[in-house]
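Each remark here refers to the structure printed beneath this line.
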Amino acid sequence: MERHLDAHCQAILQEFQDHLPQFEKEAAEAYEKLKRTLDDAGLRVAAIEYRIKTEDSLAGKLELKGSKYKSLADITDIIGLRVITFYIDDVDKVSSAVDRLFTIDWTNTIDKRKLHEIDSFGYMSLHYICSQGDFSYRFEIQIRTVLQHAWANISHDTGYKSGVEVPKEYLRNLNRLAGMLELADEQFSSIRSELADYKRRVKALVASGNLDDVPLDGDSYRSFLDLKPFDALNRRIAAVNQAEIQEVSLIPYFEIFKWLGMESLGDISRLIKDYSDAAFQFACYQIGLTDLDIISSSLGPQDLCIAYIMKNGGGKAGIRFMLDSLSGPSQSNEMMAGMMAEQAADLPFMNQKESTDGK
Amino acid sequence: MEVNITKQSKEVVVCLIGRMDTPAAQEVAPQLEALEEDARGTIVLDCKDLTYISSSGLRIFLTLRKAAAEKGGKIIVRSINDEIRSVFMMTGFLNLFEIE
C-alpha cells in the first residue's frame, strides 16, 4: 500500500530499517529470558509469543499519528511480547516475573484491568512498557488470560477499538459478554483453588488410612498409588522366578477398578487383601514353568482384576472387556481371554467354597 | 535370528525374524539399541516372523519403549503371534505397547 509520509516520518522509518537486526536480536533475547523464567518457576501458560512490528504496520501508524513521535524511541511497540495465561491469578505471577527481568517504564505501563469504570466497555489486559540492558528502545509486554485474548481478538475483528465508537444498540450485548468472560475467568481460578484443596484433603485422608472415606477418582487413585499398594503382591509374584520388576504406570487400571464397581479406595484395598492369594495362584500358573525373569509392576493389579472377574462370574467376557480396555480392542483378546478363563477355572481359588468378603 | 531395518520417511520398520532367545537377543541387541537414535519418531517392530521371545528380548523392547517415551516417539508392535502375545500378558507388558 502506498503511504504518504512526511520527511520526519520517513526519517523514523529509516531508523527502524537501520535497527531491524538489533530489534530481532533483542526480541528473541527477551522472549528466551521470559520463557526460561516461567518454565523454571513451573508456571504453565497457554502461549508466549513475540513479534517485530512490520514495516508496513509502522508506516501506517506514522501516517496516522507520526507527529506525535519525536523519534523511533517514542514508539514502544516495535517489539511486542505476549504471555497468555490459563488463569487470571497467573497474570499477576507473570507480571512479577516481568518486574524482575526487565526495567519497567512505570509512567507508560498500564494495568487496563484497573481502568474499568462501572459503565465501561471491554475486557482488557496488563500492558508493560519495558527495556533491557543498554538497548535504547523500549518494548511492550502484554499479559492476558486465554479468555481476555479471545475477547481482544474478536472485538478487534469487529473493527471497533473502543466502546465510544460502538453503536449503542450493540453496546449492551458487548458489555454483557465482557462481564460473562470476567466471571468465567474468576470461576476458572476459583475451581483450580478448590481442586487443589480437594487434592490436599484426599492426600491427608489417604495418609491417615481412612480409605473408606475417600471416593475413587483420578486424584485419589494417584494418591493411593503413592502408597505402593500393589508392591507386596508384585514382589511375591516376582520371587517365583527371581524376576526383576519394571515400574510402569498403573493409571490405566483406574478405569478397570471403576468398571469393577470399586467406589472408594477402601474397596481397592479390600480387593488387594481378599484376592492377592488368588492373583498369586494365577501368576504362578502362568509364569512358574517359564524362564521369564522380568515382570511389569502392572502384573499385580492385572492378575488381581482377573481373579476378581473370574471369582465373581465375569468369565471370559469380563476378561475380554478388561483386555480391550487396557490394550485396545483386538480379536486376539478374545483368544487370550478364553485361554486365561480356562487356566483360572482350574485353580484352587475358583473352587474354594467360602466367599470372600470383597465387594 | 535375523533383523532387517528399513528407514522410511515417517517410520523405521524393524522386521524380526526367527527366535529371540537369550543368545539371539544378545546378538541383535546392539543393532536394535542403536535405534534409540530414531526414537523421536515411530519405530515399528514387525513380529510377523518372530516365533519366540525371551526375557532378554522383552528387555530390548522395553529399552526402546523407554527411549521413545523420553523423546516423544512411539513404538508399535505389529503382527505378534499368540504365543508372544501371551508372554506379554503373563509378564504384564501387554498394555505398554501399541499393538497392531
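The values are calculated or read from the model by the stated rules, or taken from the named source; none is laboratory data. This structure is a prediction, so every number in the text was calculated from the model and none was measured. Virtual Cβ from ideal backbone geometry, glycine too; neighbours counted across all protein chains shown. Remember, those area values only see protein heavy atoms, side chains included, never the ligands or the DNA or RNA. Shrake-Rupley method; radii C 1.70, N 1.55, O 1.52, S 1.80 Å.
A few notes on this one:
- Peptides A:207-213, A:141-147, ordered by how many other C-beta atoms sit within 10 Å of their residues on average, highest first, read A:141-147, A:207-213.
- For the listed peptides A:175-183, A:226-234, A:90-98, a ranking on the average number of other beta carbons within 10 Å per residue, highest first, reads A:90-98, A:226-234, A:175-183.
- Shielding by partners, peptide A:296-303 (average Cβ within 10 angstrom, other chains): 4
- Helical runs (DSSP H, four residues minimum) scored at -39500 (n - 2.57) apiece and divided by the length of the protein assembly as shown put the mean residue ellipticity at 222 nm at -17500 deg cm²/dmol.
- Binning the C-alpha pair distances of segment A:30-80 at 5 Å intervals from 0 yields a P(r) profile of 4, 17, 22, 15, 11, 11, 11, 7, 2 %, listed from the shortest bin outward.
- The residues of chain B expose on average 45 square angstrom of accessible surface per residue, using a 1.4 Å probe on protein heavy atoms.
- D by Stokes-Einstein for segment B:2-99, Kirkwood Rh over Cα pairs, 4 °C, 1.567 mPa s: 98 µm²/s.
- Residue with peak Gaussian network fluctuation, chain A [Cα springs, cutoff 10 Å], from A:E244, A:E334, A:E169: A:E169
- When chain A is treated as a Gaussian network with alpha carbon springs shorter than 10 Å, the biggest mean-square fluctuation among A:Y285, A:Y50, A:Y128 belongs to A:Y285.
- Note, ³J(HN,Hα) from phi for segment B:44-54, Karplus 6.51, -1.76, 1.60, rounded to Hz, x at Gly and Pro: 9, 9, 7, 9, 3, 10, 8, 9, 7, 9, 9
- Anchor A:K25: aspartates and glutamates whose Cα lies under 18 Å away (excluding residues fewer than 8 positions away in-chain): A:E15, A:E49, A:E55, A:D77, A:D134, A:E140
- Gaussian network model of chain A, springs between alpha carbon atoms under 10 Å - residue of A:S131, A:S67, A:S298 with greatest fluctuation: A:S67
- Under 16 Å from A:K311, Cα to Cα: lysines that are on another chain or at least 8 residues apart: A:K273, A:K353, A:K359
- Pairs exceeding a 25 Å alpha-carbon distance, out of A:K199/B:K74; B:K10/B:K71; A:K35/A:K203; A:K35/A:K228: A:K199/B:K74; A:K35/A:K203; A:K35/A:K228.
- Each part gets one Cα centre, and for segment A:325-350 versus segment A:73-90 those centres are 57 Å apart.
- Shielding score for A:322-332, defined as the mean number of other chain Cβ atoms within 10 Å: 3
- Calculated Rg and Dmax of the protein assembly as shown using C-alpha coordinates, Å: 31.2, 100
- Under-5 Å amide H pairs with A:L216, H placed in peptide plane, nonlocal only: A:S264, A:L265
- Intensity falloff of segment A:7-114 expressed as log10 I(q)/I(0), Debye formula with alpha-carbon point scatterers, at q = 0.10, 0.11, 0.12, 0.13 Å⁻¹: -0.36, -0.43, -0.50, -0.58
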